[in-house]
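Below is one structure, written out as structure tokens; comments come after it.
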Amino acid sequence: MSYTDKAYDELSQYRPPLTKREDFDMFWVETLEASGKVLLNPSVTPYNYPGLWAQVYDIEYDGFDGTRIHGWFIVPAFPEKIQYPCLIHYHGFAGNRGIPSDYMHWVSLGMTVLAVDVRGQCGNTGNRAVYSSGSMQGVVCNGILDRYEYYFRAVYMDSVRALDFACQQPQVEDTRIVIEGGSQGGALAMAVCSLDHRPWLALADVPSNSDLERRVEGSHGSFSVVTDYLKVFPQHTEKTLETLSYFDTMNMADKIKCGVLASVGLKDAVCPAKMYFATYNRITSPKEIRVYPFNGHEGGGAVHTDLKLRYLWEKIKELNVCT
């Protein structure tokens, strides 16, 4: 048995007890219904991008509470087709939608790309939400004492609404939506695919938001701000962990229906591999994972990007053969 196989065998056994409360499913039904009542109000503005092979658009839509979400929408100018599969990209924590050239490797496969900001981080997107608790340095603690106020409730819904935007675009084949992202983006991929069954495939790298009690205990990554909050307010420990349970992807994983290609780095101290396996081991749809034994939060880097391109290209070729 190889070194990596041994590590995988150990991780594949990790299934900590779920922390979901009795009203977990109803909470998300109510949240999706509330989001569905908010008009999308999309706008699509041509963007001057050099070259002849891609049309780029600067886009906006209304998020969960009317916060204006900013993004890029990119359409290949080859081959000449009416509709294309669409890859939706969610960025990592404290990132943003990036620049159009970040996504041209996906466009080269003949895919449209939608890349969106996460509210209140480092992009053009602000945040209209009001919070009555959790005021610490960093958005991850905002609203931590009320699951209806908590920061990631709006973020998860903003991310689902990205699918609504994509499916309204005439260039998008809405039955072939691919969700992609790393770290926070990988967490959003898991959450979106559990809450919405439109995605065809998910590509999730070094994902966050899994096994959240352990993340807080170990003060790992962006959830270290929650650890810091509980140092100041230890009396809020149980309520805080209760709120987080509604946003822990291990409690959502059994709802994922699409194919999943995931990756982790065994030296990752930000989003530890073991904690993601609490989610991965509960996915029942077709799935694969690549384990990088000596990599940290960078994961497989360019090597894994190449692997994802080849994986997705094979899926697209299979689709073309079948149709």
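The values are calculated or read from the model by the stated rules, or taken from the named source; none is laboratory data. All values derive from a computational prediction rather than experimental measurement. Because the Cβ atoms are built from the backbone with ideal geometry, glycine has one as well, and the counts that use them run over all protein chains shown. Accessible surface areas use protein heavy atoms only, side chains included; no ligands, DNA or RNA. Shrake-Rupley method; radii C 1.70, N 1.55, O 1.52, S 1.80 Å.
For this structure, a couple of remarks:
- Output for region 163-207, where each listed residue is under 25 Å from C271 (Cβ atoms), of a type in the set (S, T, N, Q) and out of contact with any Lys or Arg (no Cβ under 8 Å at 6 or more places or on another chain): S183, Q184
- Meets criteria (touching a residue at least 60 places away in the same chain (Cβ under 8 Å), part of a loop (DSSP other than H, G, I, E, B) and β-branched (V, I, T)) for I88: no
- Single match in Y246, Y276 (criterion: closer than 20 Å to G143 by Cα and surrounded by 19 or more Cβ atoms within 10 Å (Cβ to Cβ)): Y246
- Region 200-222 residues that are closer than 28 Å to I316 by Cα and modelled with pLDDT of 95 or more, paired with ones that are in a loop (DSSP other than H, G, I, E, B) and among the hydroxyl-bearing types (S, T, Y) (beta carbon under 8 Å, 6 or more apart): D205/S183; V206/S183; P207/S183; S208/S183
- Inside region 294-306, residues that are open to solvent by 80 Å² or more (accessible area, probe 1.4 Å), part of a loop (DSSP other than H, G, I, E, B) and more than 17 Å from G181 (Cβ to Cβ) make up a count of 1.
- The single condition from (1) open to solvent by 30 Å² or more (accessible area, probe 1.4 Å); (2) part of a strand (DSSP E or B); (3) within 25 Å of L201 (Cα to Cα); (4) of a type in the set (V, I, T) that V75 fails is (1).
- Enumeration of residues in region 257-280 that are of a type in the set (D, E, K, R) and under 10 Å from G296 (Cβ atoms): K267, D268
- Of all residue pairs spaced 6 or more apart or on separate chains, those with beta-carbon atoms under 6 Å, a first member in region 27-52 that is on the phi > 0 side of the Ramachandran plot and a second member that is open to solvent by less than 70 Å² (accessible area, probe 1.4 Å) are N41/D62.
- Test result for V192, within 25 Å of C122 (Cβ to Cβ), among the β-branched types (V, I, T) and over 9 Å from the mean Cα position of the chain (by Cα): no
- Test set (1) in contact with a helix residue (DSSP H, G or I) (Cβ under 9 Å, 6 or more places away or on another chain); (2) farther than 30 Å from Y246 by Cβ; (3) surrounded by 16 or more Cβ atoms within 10 Å (Cβ to Cβ) - G63 fails condition number: (2)
- On inspection, D146 passes the criterion of being of a type in the set (D, E, K, R), in a loop (DSSP other than H, G, I, E, B) and open to solvent by 10 Å² or more (accessible area, probe 1.4 Å).
- For the residues K231, K239, K257, the requirement of being under 30 Å from Q83 (Cα atoms) and more than 14 Å from the chain's Cα centre (by Cα) singles out K257.
- Residues being modelled with pLDDT of 95 or more and acidic (D, E) - total across region 2-45: 5
- Filtered residue count, region 149-188, keeping only those that are surrounded by fewer than 23 Cβ atoms within 10 Å (Cβ to Cβ) and in a loop (DSSP other than H, G, I, E, B): 4
- Y276 passes every criterion in (1) in a strand (DSSP E or B); (2) hydroxyl-bearing (S, T, Y); (3) in contact with a Ser or Thr (Cβ under 9 Å, 6 or more places away or on another chain) apart from (1).
- V113 within 21 Å of the chain's Cα centre (by Cα), outside any loop (DSSP other than H, G, I, E, B), on the phi < 0 side of the Ramachandran plot and not polar (S, T, N, Q): yes
- Residue that is surrounded by the most Cβ atoms within 10 Å (Cβ to Cβ) [pool: residues in region 222-243 that are in contact with a Ser or Thr (Cβ under 8 Å, 6 or more places away or on another chain) and of a type in the set (A, V, I, L, M)]: V226
- Filter result for E180 (charged (D, E, K, R) and touching a His at 6+ places or on another chain (Cβ under 9 Å)): yes
- Options L309, L319, L261; residue that is part of a helix (DSSP H, G or I) and under 14 Å from L203 (Cα atoms): L309
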